Amino acid sequence: MAFCNRFHWQVLLMLIASLSVCEIGALAADGEPQPPETKRRETAMQKKPQQKSRAPVTLKKINANCADLPRGMTSFGATVVGDQMFVIGGKSGRAHSYATSYQNRDVLRLSLTDGKWESISDNLGLQGLAVVSHRGKVYRIGGLEARNSEDQEHDLHSTAEVLQFTPDDQSWKTMPRLPVGRSSFDACVEGDKIYVAGGWTMAGEADSVWAQDMLVLDLSQPNPKWQSITTPFRTRALAVRAHRGKIIVVGGITKDAGPTGEVHLFDPASQQWSTGPEVPTTGGMRAFGCSAVSLAKHFFISTYDGDILRLSDDWGNWQQVGKLETGRFFHQMLPVSQSRFALVGGSHMQHGSNQEIEVFEITDSTAKH
C-alpha cells in the first residue's frame, strides 16, 4: 500500500514557511504539478477575509463505525447514493511524483450501514477528477491521467471523458465528452444539471491552459450537450457545490495570485455571478484544496488549517463550528444523513495521508429544550 512520504512533506512545509505568501502557489502541493507562471499579485493575496461569527449550530464528532479508507489518497472523486459511498480515482505514492501505478483504478464502495469498504469495479486510473450523482447514477467527469511509469519522465494528460456508472449492475455508459480535457476542477449537481467549474488542461509537454468557463450539462435532455458560461476567475484545486438553488465556488489556487479564499456565487435563474464572503483562514494555504458540503439549510467547508466553517444564513460571513485535530486538503466532505457529514481521505504536509473517516453530527444550538 502506497503512502505519502512524510519526510518530503516536512521538508516542503519548512520551505513554505520560508516563502512569501505569493511564492507558496509555485509549490502547489496538490497532486498535480504547477507550471511556470507570471509574477503573482501580492495585493490579491493580502485581501483581508471576513471575521468568523457565532454559529446557530454545533458539531459533534461521532463514532459511525466506518472502516478506514483502504489506502491513503488525495485528489479523488466521491459521492453518496442512498446508503452507499463511492470513491473513484485518486493519487497515492510519493508527493509530487506521478505515474500510472500511483493512480487508483478501483471503484470503492463504502456501505453506510455496516461500515465496510469493497472494490466493485475497475476503471481508468485518474486524479483531479470529479464524481457526482443524480437519480441513482454516478458520473465520473474528466481528470488527469499519468501515462508514464515510475521511472519515466512525467507524461500527464487531462481527459475529456465522462462516464455514467450504474451501481445496481455496475455497468458503465459513455456520456457527452467535455469540450476539452480538464482536471483539478470540481463539479456539482443542481436540479437536473451538472456544473463543472475551475481546473486546467494538461497535455504532455504543452503549456497548461487554465479554464475560463463553467460547463453545464442538462441531464433531463434526450441528447444533452455541454454549455459554456464564462467565469470571473481562473482557479483550480477548488470546491464547487450547489446550495439553496445557487452554485458556490470556494477557494483553490489562482492563475496569477496563488492560494485563495475567494468565494464566487452563480445564480442559475439570472445566469449572473456575484462574490461571497472570503474564507477566513490562517497561514498561506488559504482555502487551497478545500472541500465543501451542502446539508439541509447548512453549507460547510473544511480547510487545510483544520477549520470547519459554516456559511451564515444571510451568506454574509463564515462561522467556525469545528476544529480538526489534523487538517486535510484534497479530501472530500460528503453528506451521509440529513444531519451528518463525513470527511474522507486527503492529506496534511506534516502528517501525511489521512485514512480515517471522520463523521460529524449537526445540532441546532438555538433549539429550545
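The values are calculated or read from the model by the stated rules, or taken from the named source; none is laboratory data. The structure displayed is predicted, hence computed values, not measured ones. In this analysis, Cβ positions are derived from the backbone assuming ideal geometry, glycine residues included, and neighbour counts consider all displayed protein chains.
If you go through the range 313-332 and pick out every residue that is touching a residue at least 60 places away in the same chain (Cβ under 8 Å) and either assigned to a strand (DSSP E or B) or surrounded by fewer than 18 Cβ atoms within 10 Å (Cβ to Cβ) (or both), you end up with 9.
Would you confirm, using the coordinates I've provided, whether Q227 is at pLDDT 95 or above and within 18 Å of T79 (Cβ to Cβ)?
So Q227 fails the test.
Restricting attention to the range 254-273, the residues that are over 27 Å from L163 (Cα atoms), crowded, with 21+ Cβ neighbours inside 10 Å and not charged (D, E, K, R) add up to 8.
I need the strands (runs of 3 or more DSSP E) fully contained in the range 72-191, keeping only those with at least 1 residues that are in contact (Cβ under 8 Å) with a residue 40 or more places away in the chain and among the polar types (S, T, N, Q). If you could, list the steps in order and put the result at the bottom.
Working: elements: 77-81, 84-88, 106-111, 117-122, 130-134, 137-141, 144-146, 156-158, 162-166, 171-174, 186-190.
Counting at least 1 such residues, we get 77-81, 84-88, 117-122, 130-134, 156-158.
Looking for something of a type outside the set (F, W, Y) and closer than 21 Å to I88 by Cα - is there at least one such residue anywhere in the range 304-315? No; the residues of the range 304-315 include none that is of a type outside the set (F, W, Y) and closer than 21 Å to I88 by Cα.
The set of residues in the range 224-245 being outside any loop (DSSP other than H, G, I, E, B), without any contact (Cβ under 8 Å) to a residue 40 or more places away in the chain and not β-branched (V, I, T) consists of Q227 alone.
Just the residues that are closer than 16 Å to W315 by Cβ, without any contact (Cβ under 8 Å) to a residue 60 or more places away in the chain and not polar (S, T, N, Q), please, taken from the range 263-286. Correct list: V263, H264, L265, D267, A269, W273, G276. For the range 110-136, a tally of residues being surrounded by 21 or more Cβ atoms within 10 Å (Cβ to Cβ) and among the charged types (D, E, K, R) returns 0.
Restricting to the range 125-146, name every residue that is touching a helix residue (DSSP H, G or I) at 6+ places or on another chain (Cβ under 7 Å) and either hydroxyl-bearing (S, T, Y) or more than 30 Å from Q221 (Cα to Cα) (or both). Give the derivation first.
Applying the first criterion (touching a helix residue (DSSP H, G or I) at 6+ places or on another chain (Cβ under 7 Å)) to the range 125-146 yields 125, 146.
Once the filter is applied, which keeps residues that are touching a helix residue (DSSP H, G or I) at 6+ places or on another chain (Cβ under 7 Å) and either hydroxyl-bearing (S, T, Y) or more than 30 Å from Q221 (Cα to Cα) (or both), the range 125-146 yields only A146.
In this structure, P222 qualifies as modelled with pLDDT of 95 or more, over 29 Å from T100 (Cα atoms) and surrounded by fewer than 18 Cβ atoms within 10 Å (Cβ to Cβ).
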